[in-house]
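Everything on this sheet refers to the single structure shown next.
We did not get these values from a lab; they are worked out from the coordinates using the rules stated. Model, not experiment: these values are computed from the prediction. Every residue, glycine among them, receives a Cβ derived from its backbone with ideal geometry; neighbour counts consider all protein chains shown.
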Amino acid sequence: MYFESLDTLWHMAGHGSYVWSCYALFVVLLSINVWHAKGQKTKALRQAKAVARRNS
Amino acid sequence: MINFMLVIIRRDLLLVARRPAELINPLVFFVLVVALFPLGVSPEASVLSQAAAGVIWVSAMLATLLSLELLFKLDYDDGSLEQLLLAPYPAWSLVLAKVIAHWLVSGLPLILLSPLIANLLFLPTQAIPTLMLSLLLGTPTLSLFGAIGAALVTGVRGGGILLTLLILPLYVPVIIFGAAAVVAASQGMAVDGYMALLAAMLVFALMITPWAAGAALKL
Amino acid sequence: MSSIPTSSLLCVNDLACERDSRCLFSGVNFSIAAGDLWHLKGHNGSGKTTLLRLVAGLHPIDVGTISHPSTHAKIIYLGHKLGLKEQLSADENLAWLVGLESSSTQQERYAALEKVGLKGYEENTIATLSAGQRRRVALARLHLCKADIWLLDEPFTALDQQGVEDEESWLRQHTLSGGAVLMTSHQNLSIQPVKVLDLSHYTPAKTSCSSSAL
Amino acid sequence: MTQSSWRMPRWFHQMGSPKWFYDFSGKMQPWFAVLALLLLSWGMAWGLAFAPADYQQGNSFRIMYVHVPAAILSQSIFIGMAVAGAIGIVWKMKVAFMVARSCISIGASFTLIALLTGAIWGKPTWGAYWVWDARLTSTLVLLFLYAGVMALNQAITERQIAGKATAILAIVGTINIPIIKYSVEWWNTLHQASSFSLTQKPSMPAEMYMPLLLTVLGSYCLFVLVVLIRTRTQIIETQSHASWLMQHKDVSGA
């Protein structure tokens, strides 16, 4: 590891807040995308199943 | 096909003649926006003359967008768009004719009005020919790109704000070079390069926008 | 193609239309021959207007073909919206509408307006005319454009009894002189012979069109 | 522009069939999910904790490992959207329109990430969150372009028309992106004598660019994953009456 301890990793010589917030932003926004896409698909599948039940 | 386009242009000009408000409203809007600027910022000549180029270009852009909203909308509403599309000519010629008519009643008066506006904002006199020439090359480009947006939102309710959203980003290069040309001229520098770029963008717009707007109208 | 009679102007083959993943109609086959008067029927939402617009070429065709066997027949389309500019006079409107493809003299336009019973209204702006009179202005175009096929969407709307009778006689004259008509209407026509196409029969039981691919 | 204007190989047309695409993307989806997760976590951990700090910018340099992939993806996705839209228009392929629509939200997200991380990175570098830097400004314009596509897509209710309209706008936007970029860069040099650009480094050592390579590849995988899921969703929605879907194990539950 480049840093000596977890504490210096967290602080990054004063740049920690900038770096960590960027990474958090990246992870959170992309996770929301995947999660939302999956949610939409589950919803669509549920509706398709309802149609299938109606027709059978 | 020339005849087809002439019929459309003549018809649109006749319509504006019957209802001159369509011609005058965007012009009043243009002057109004420009007049609000000194009220909001400062009436001092030094401040205004610096910002003049940008303010005039942004206002011209907004005025163009305002009038573009109805470019195809009215024809769509009364059914004449169907008849225009059914004529045995390509859709791009129809778009081109509509844009020419639109520019004649929106872009051209704007250019004629611009020296007056330039005076209001204390733009150096030597920059006025450049301002008019840059508007002459730039406003047709604005109308052409705007036609794509107008065609896309034709059947959509409340398309005005949507049109603005679609088209303004595409106007970025025109405003950058248009305003820069005027700034350069007011500083006594050469403007040939800017004019060449504006002309190139106009040619480029002529090549792609009639096609794209025509395709959008046929949806 | 061999089964098509030589006099047919336009053939619709196996046409289907899907709107918002719902199938309006499928497997529609018919051909318009010179002298035909086709009456397009069907309940609301069965796709009459859509079919007419497809034939006119206002919509892209998804499934099926529309072919023009002989020389390209000239088509005129008159929809729900008449395509008239309110601020222009009846004469000016006809001038630009006809001018899109050919040209007309003022005499011809005045004669056409007289034929539809609008003598003396030539210079009135459309805004001052009643709904029935506007419809008549639009119909006057049929007399000016020498089209082979008339596509009319509810052409009797807003017309009075006399107007309906007049129009039926024009339809008859047009078919007798070798033209063809495809029209939608809720009322039955009093002229004969009429070929009827009922779109209700083409609504598929399942809501999906047969087109599985593309 | 009618059918059979260009002959394409069989697999190409097969790809346009919703059923084929649904089955194929179902098989591919887990792979992309695993790859995206692996590449991104590996690259980000490397970038955060193991890569050396920049001699000039110090540790804020690590923001590059999320900012640059987001910036690259924001542009590639817009271009990809236009290409998918063009395929849809030329070959009348409904699935292509669906793919194009699936690109919008993920593309806008990447653009937003690029913009925000760029602004945050600006604070320690320039001392201000927002500087009218060429790269940031053209990313902002790109975000506006995405906003336009998104708004148009939602304003048109009928799917097929919305798909085509989106495609046209995406194509026009893509053609304009280089012009916008060029004009903004030119404008920037005119107004700011020499602004220190965030990511222009003469030569980076391997331990500095390897994490970047990983996060860029991972971001591409994530993009593909989201597009696959969203396109499958649209296939389910539009084909909800087709018999193949009714008998599919995902729906029948067998």
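General remarks:
- Projected onto their three principal axes, the Cα atoms of the range C:87-146 cover extents of 28, 22, 17 Å, largest first.
- Normalised by 2.2 N^0.38 Å, with N the number of residues, the alpha-carbon radius of gyration of the range D:207-248 equals 1.87.
- For chain D, the Cβ-based charge dipole about the Cα centre amounts to some 660 debye (Lys, Arg positive; Asp, Glu negative; other atoms uncharged).
- Gyration tensor over alpha-carbon atoms, chain C, equivalent ellipsoid semi-axes in Å: 32, 19, 17
- For chain C, size of Cβ-based charge dipole, Lys and Arg +1, Asp and Glu -1, in debye: 320 debye
- Counting Lys and Arg as +1 and Asp and Glu as -1 over every other residue whose Cβ lies under 10 Å from the Cβ of D:W244, the net charge comes to 0.
- Size descriptors for the protein assembly as shown (Cα atoms only): Rg and Dmax, in that order, 30.3, 98 Å.
- Max mean-square fluctuation residue, GNM over chain B, Cα-Cα springs under 10 Å, options B:I111, B:I56, B:I161: B:I161
- The trypsin sites (Lys or Arg not before Pro) found in the range C:85-183 that occupy coil by DSSP, while having at most 12 further C-beta atoms within 10 Å, are C:K119, C:K146.
- Simple spin-label estimate for C:Q87 and C:A111 in nanometres, 7 Å along Cα-Cβ: 3.2 nm
- Reachable lysines from D:K249, criterion Cα separation under 19 angstrom, eight or more residues apart if same chain: A:K38, A:K41, A:K43, A:K49, D:K19, D:K27
- Footprinting exposure proxy ranking of C:W150, B:W211, fewest other C-beta atoms within 10 angstrom first, gives B:W211, C:W150.
- By the count of other C-beta atoms within 10 Å, a proxy for reagent exposure, A:V27, C:V98, B:V99 are ordered fewest to most as A:V27, C:V98, B:V99.
- At R0 = 30 Å, FRET efficiency that the Cβ-Cβ distance of B:V203 and D:D23 yields, to 0.05: 0.05
- Square roots of 5 times each gyration tensor eigenvalue, C-alpha, chain A, largest first, Å: 47, 10, 5
- Folded to 0 to 90 degrees: helix C:90-99 orientation relative to chain C principal axis, Cα: 50 degrees
- B:N25-C:A158 FRET efficiency (beta carbon distance; Förster radius 30 Å; 0.05 resolution): 0.35
- GNM top mover of C:L152, C:L100, C:L40 - chain C, alpha-carbon springs below 10 Å: C:L100
- 0 to 90° range, to nearest 10: angle between helix C:161-176 axis and chain C longest Cα axis: 60 degrees
- Close amide H partners of C:E18, meaning residues 5 or more places away or on another chain with modelled amide H under 5 Å apart, are C:L24.
- In summary, the convex hull built on the alpha carbon positions of the range C:95-211 has an orientation-averaged projected area of 10.1 nm².
- Cα centroid separation - the range D:80-98 against the range A:19-56, whole Å: 23 Å
- Test item: D:167-180 mean partner chain Cβ contacts at 10 Å: 5
- The label-point distance for C:S177 and D:Y182, in a model that sets each label 7 Å from Cα toward Cβ, rounds to 5.8 nm.
- Hydrophobic, long helices, defined as DSSP H runs whose alpha-carbon span along the helix axis is 30 Å or greater and whose mean Kyte-Doolittle value is at least 1.0, occur in chain B at B:45-68, B:91-120, B:128-152, B:192-217.
- Note on the range B:69-182: Rg/Rh from C-alpha atoms, Kirkwood Rh, equals 1.05.
- From most to least packed by mean Cβ count within 10 Å, the peptides C:54-64, B:165-175 give B:165-175, C:54-64.
- Restriction of the trypsin sites (Lys or Arg not before Pro) in the range D:5-82 to DSSP coil positions whose beta-carbon has at most 12 other beta-carbons within 10 angstrom yields D:R7.
- The ranking of C:V12, C:V181, A:V51 from fewest to most other beta carbons within 10 Å of each one's beta carbon is A:V51, C:V12, C:V181.
- Summing Cβ point charges (Lys, Arg +1; Asp, Glu -1) relative to the Cα centre of the protein assembly as shown gives a dipole of roughly 1920 debye.
- Max mean-square fluctuation residue, GNM over chain D, Cα-Cα springs under 10 Å, options D:F12, D:F97, D:F61: D:F12
- Leading residue at positive end of dipole, chain C (Cβ point charges), from C:L144, C:N29, C:P69: C:N29
- Alpha-carbon centroids, the range C:39-97 and the range B:164-219: separation in whole Å: 37 Å
- If R0 is taken as 56 Å, the Cβ-Cβ distance between A:W35 and C:D198 corresponds to a FRET efficiency of 0.65.
- P(r) weight above 27 Å for chain D, C-alpha pairs, percent: 46 percent
- Spatial separation of Cα centroids for the range B:1-71 and the range D:122-139, in angstrom: 33 Å
- All lysines inside 24 Å of C:K146 as judged from Cα atoms, apart from same-chain residues fewer than 8 positions distant: C:K74, C:K81, C:K85, C:K115, C:K119, C:K195
- Between the residues B:V31, B:L206, B:P115, the greatest Cα displacement towards the positive end of the dipole of the range B:2-218, with unit charges on the Cβ of Lys, Arg, Asp and Glu, is found for B:L206.
- The protein assembly as shown: antiparallel DSSP beta bridges as a percent of all, rounded to 5: 45 percent
- Cα-based helix-to-principal-axis angle, C:131-144 vs chain C, degrees rounded to 10: 80 degrees
- Positive-end extreme of charge dipole, the protein assembly as shown - chosen from B:I167, B:T125, C:G120 (charges on Cβ): B:I167
- Principal semi-axes of the equivalent ellipsoid, √(5λ) from the alpha carbon gyration tensor of chain B, are 32, 18, 15 Å from largest down.
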